[in-house]
Amino acid sequence: MNSVSLKTPLSAVKGIGPKFLDKLEKIDIKTAGDLLWHFPVRYDDWSHVTDVKDLRPGEYAVIRAEVKKIGFRKSWIQKLAIVEAVLEDESGSVRTIWFGQPFIKKVLGEGKQAFFSGKVLAGKKGIFLSNPAYETVSDEENIDELFPKRELLAIYPETKGLTSKGIRFVINKVLPNLERIPDFIPGEILKKNGFPEINQALRDVHIPKSSAEANAAKERFAFEELFLLQLGHLLEKKRLARTKAPSIEFNLDFVKWALGELPYGLTFSQKRSLYEVLKDIERHQPMNRLLQGDVGSGKTVIALIAAMETAESGYQAVFMAPTEILASQHYQTFKKLFSDFGHPIGLMTAKSKLAFYGDNLESEMKKKDLLQEVENGRIKILIGTHALIAKSSGENKARFNNLGLIVVDEQHRFGVRQRAELVQNQARKSPGLTPHFLSMSATPIPRTLAITIFGDLDLSTIDELPQGRKPIITKVVDPLNRDKAYAFIRGEIRKGRQAFVVCPRIESREDDYEYDFSEDGKTDARKSGWSETKTVKKEYERLSKKVFPDLKVAMIHGKMKAEEKQKTMEDFKTRKSDILVSTSVIEVGVDIPNATIMMIEGAERFGLAQLYQFRGRVGRGEHQSFCVLFTESSNETTRQRLKALLEAKNGFELAEKDLEIRGPGALLGSEQTGLPDTTMRALRNPAMIKLGRQSAEEIIVKDPTLRSYPALKERLEKFKENIHLE
Ligand code: ADP
Ligand code: MG
């Protein structure tokens, strides 16, 4: 017998064709282990068939029905193949729709009988089945043969060209031949919590005999992810605690001077956060801290003071921003606030290389010379983009003389590896010292979630805005009053203000689709959901030509080149345009005090935390600001959610709500956390988070090196690789 281990490449498993292998490889599944850790999102209960009349939106159901009508078309905007059909059983009829699977029209002709399994969604004209899986029944007698087992079928995350059926097929080639694998979760933990042992759990999660079995196995794997995640964090924390860092003296006189230079007093939360940071960098162990605070809560000044203290202590600091605009903004802020600082600072972006020596002495530099000034330690604080400082290579790499502090703005996950690189680069004067690390983020994350996802980081939180800011007047505008809203905006712009317009991106996600049969059986594209989605380009055209032909309208979106984006932002900042139409992707931190209007199209399509962030781009100056939300949805949940936005006191409160309503995946994209979807799903379960953490702590107390848990150690390495923590 050909036995399979977790490391066996799928290409070595009998019966899996090259086509499958290709498709699997596209989603990073190469070995048997990769495959077996690709978990189902749910199970279809084919033993239970629902009558069409009993279908309820939001549920998954299996129906048995006849295809009454079926049609094919290309979607209006995205040219995506869409197959639509009307299905009927004795109790009634229901519409269904498939995206990107044109062949279905051929497989399922009118009059065909089949089982359909999928999610029921509510559309404008009633409910419909979205992208259902199907099994045709060519002939009545065949039913029992087709479904003899009355079983639960695992449904996997949908991936291009790889159906759940396909994955089940491959799993059936692997699982029966899998050699017994050792369980890496320590036996005592399994036992204490009644989790199934790994070999059993793998079978039960992929080929369950009952939902009880499937659930127990899923619990185990959810636990596993949270346990590994937190174990990884705790070990990283321990490792850092053993590392040495330069101690940055808490220089009270200096801090007083810096605060005296500010045209304002710090808020209580700012003071607390500053204190936490300064106390932390005074220690001989590296700080590893996340500073969270709403847009506009004043995080920058905290980081700048910490950077200056670092310089005062004789070390260098580096301040990295995600974009050139933000990097320049920070540099300008520094020059404005602390021109008497006395130590040279530098700015390094693709466009600008500047050194500021105080007293209005600023010089443009060649990159080489600027790097030289950093390397010889003359420049004490270097501000720049992540890309330039951390990622450039060879000659172009920023080398420091004695780096004491790394600040990273607006990025949750600055990799351990990236940090290690910077650390290596600074080994000249103070070898063996690890710089302190401060990460800043405007995405509010509820505390419980934050300490799980970023468990290796300590948290400082700014949960208030500076005094004297006028609250932003926020209104949900009925589509009927759109013209009035535009008239109001024109008025504000005439007064000299500027406006942002944010549009949802076009997304081809099935749930976004509002589907609509007109009488002749064809879908009216103009009425369908996608046409309601204000795409940036269309909205730009409409606003610039029809609504505000008298004003200067500009547009920015993710597909533009970096320089184009930069130019557009700068033009907006310098008031060369009045209205900036953008997607949700434009940077959060940009400070444009003169922009007082935030108009959001398709507000129902954004998460609460996201809406909150958009709104935070206005209200930064002296003038009264407004947030205008347009929504086409009259849906009750939408109303509730938008109401929450109107009432919330701060972003953290909203994040809690969003977490409740939509789960961590919606709150934080996987790009931000680097965590796979399965882990994000597991994060919905607070009890499991706690159990994972407790268990991780237990193991570390017993054996901090994991020497007596070799299988766990190995699995943890693999896990870390997968979540890109490094
Ligand atoms: P963010 O936390 O979003 O990075 P910034 O640091 O960019 O916020 O601060 C937003 C604006 O608020 C800046 O113009 C800054 O000068 C100002 N600011 C910061 N702290 C205070 C304060 N305590 N009082 C008044 N204005 C402040
Ligand atoms: Mg900021």
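The values are calculated or read from the model by the stated rules, or taken from the named source; none is laboratory data. From a predicted model like this one, the values you see are computed outputs, not experimental measurements. Virtual Cβ from ideal backbone geometry, glycine too; neighbours counted across all protein chains shown. Each accessible area value is taken on the protein alone, full model and side chains, heavy atoms only, with ligands, DNA and RNA left out. Shrake-Rupley method; radii C 1.70, N 1.55, O 1.52, S 1.80 Å.
Here are a few things to note about the model shown:
- Counting only lysines at least 8 places from Lys367 when in the same chain, those with an alpha carbon closer than 25 Å to its own are Lys335, Lys336, Lys351, Lys353, Lys380, Lys391, Lys397, Lys429, Lys561, Lys565, Lys567.
- Partners for Lys192 among lysines (Cα-Cα distance below 27 Å; same-chain residues under 8 apart left out): Lys209, Lys218, Lys237, Lys238, Lys690, Lys702, Lys713, Lys718, Lys720
- Subtracting the Cα-Cα distance of Glu90 and Lys209 from their residue separation scaled by 0.36 nm leaves 39.8 nm.
- Between Lys192 and Lys713, the modelled labels are 2.1 nm apart [label points 7 Å from Cα along Cα→Cβ].
- Modelled label reach - Ala387, point 7 Å along Cα→Cβ, the stretch 301-341 residues with backbone N closer than 11 Å: 322-325
- The 3J(HN,Hα) values that the Karplus relation (6.51, -1.76, 1.60; θ = phi - 60°) gives for the stretch 488-503 are, in residue order, 4, 5, 4, x, 5, 5, 4, 6, x, 8, 10, 9, 9, 10, 10, 10 Hz. Gly and Pro appear as x.
- Alpha-carbon centroids, the stretch 634-656 and the stretch 168-226: separation in whole Å: 39
- Solvent exposure of the stretch 270-355, expressed per residue, is 28 Å² of accessible area, with all protein chains present and a 1.4 angstrom probe.
- A crude spin-label estimate for the pair Leu80 and Ile181, with each label 7 Å from Cα along the Cβ direction, gives 3.3 nm.
- With 0.36 nm allotted per residue and the present C-alpha distance subtracted, the Ser3-Glu59 stretch has 16.2 nm of extension available.
- FRET E, pair Arg239, Lys690, Förster distance 30 Å, beta-carbon r, rounded to 0.05: 0.80
- Pairwise FRET efficiency - Phe250 versus Gln624, Cβ, R0 = 30 Å, nearest 0.05: 0.15
- Computed from label points 7 Å out along Cα-Cβ, the spacing between Ser47 and His284 is 6.5 nm.
- Full-stretch length increase - Val107, Thr163 - with 0.36 nm per residue and alpha-carbon distance subtracted: 18.6 nm
- Two-site FRET efficiency, Glu66 against Gln372, from Cβ-Cβ distance with R₀ of 60 Å, rounded to 0.05: 0.20
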